[in-house]
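The values are calculated or read from the model by the stated rules, or taken from the named source; none is laboratory data. All values derive from a computational prediction rather than experimental measurement. All Cβ positions, glycine included, derive from the backbone under ideal geometry; neighbour counts span all protein chains shown.
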């Protein structure tokens, strides 16, 4: 199991982390599962996500397109979409069968890597360390 990290609060850092994660994970196919949105409506712009998808030829509202298969040729689209999900503070999972790995990003602003390969965790930690993202130790009351 990997560690969980705090999602950056800075929008520019969120975009940078999103791009690096997509580059790390997009080996063959990448599966994206949007799990939840609307938790923090004052900081969301669903139109941003829908416009990115529309530009890629995907029509319809987000609720009708919660799952996507993204190929290596779609790296620009994947980077833009994942960055928009980070910026909107949506809950989503990225899964890559080629690496046997997943990253869950929570609307509660932490992200976790899950993989059997220690190198994947090292790469995830390197991305997080390059942005000074602290380890998420759980919720306190």
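Tabulated values for the structure
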read-out: Region 130-141, residues that are at pLDDT 90 or above and closer than 22 Å to residue 91 by Cα; value: 131, 132, 133, 134, 135
read-out: Failed condition for residue 116, given (1) at pLDDT below 90; (2) in contact with a strand residue (DSSP E or B) (Cβ under 6 Å, 6 or more places away or on another chain); (3) within 21 Å of residue 23 (Cβ to Cβ); value: (2)
read-out: Tally of residues being within 15 Å of the chain's Cα centre (by Cα) and on the phi > 0 side of the Ramachandran plot across region 79-104; value: 1
read-out: Qualifying position, being out of contact with any helix residue (DSSP H, G or I) (no Cβ under 8 Å at 6 or more places or on another chain), surrounded by 16 or more Cβ atoms within 10 Å (Cβ to Cβ) and either in contact (Cβ under 8 Å) with a residue 12 or more places away in the chain or in a helix (DSSP H, G or I) (or both), among 102, 78, 98; value: 102
read-out: Those residues of region 105-119 which are touching a residue at least 40 places away in the same chain (Cβ under 8 Å) and either more than 15 Å from the chain's Cα centre (by Cα) or in a strand (DSSP E or B) (or both), in sequence order; value: 105, 110, 111, 112, 113, 114, 115
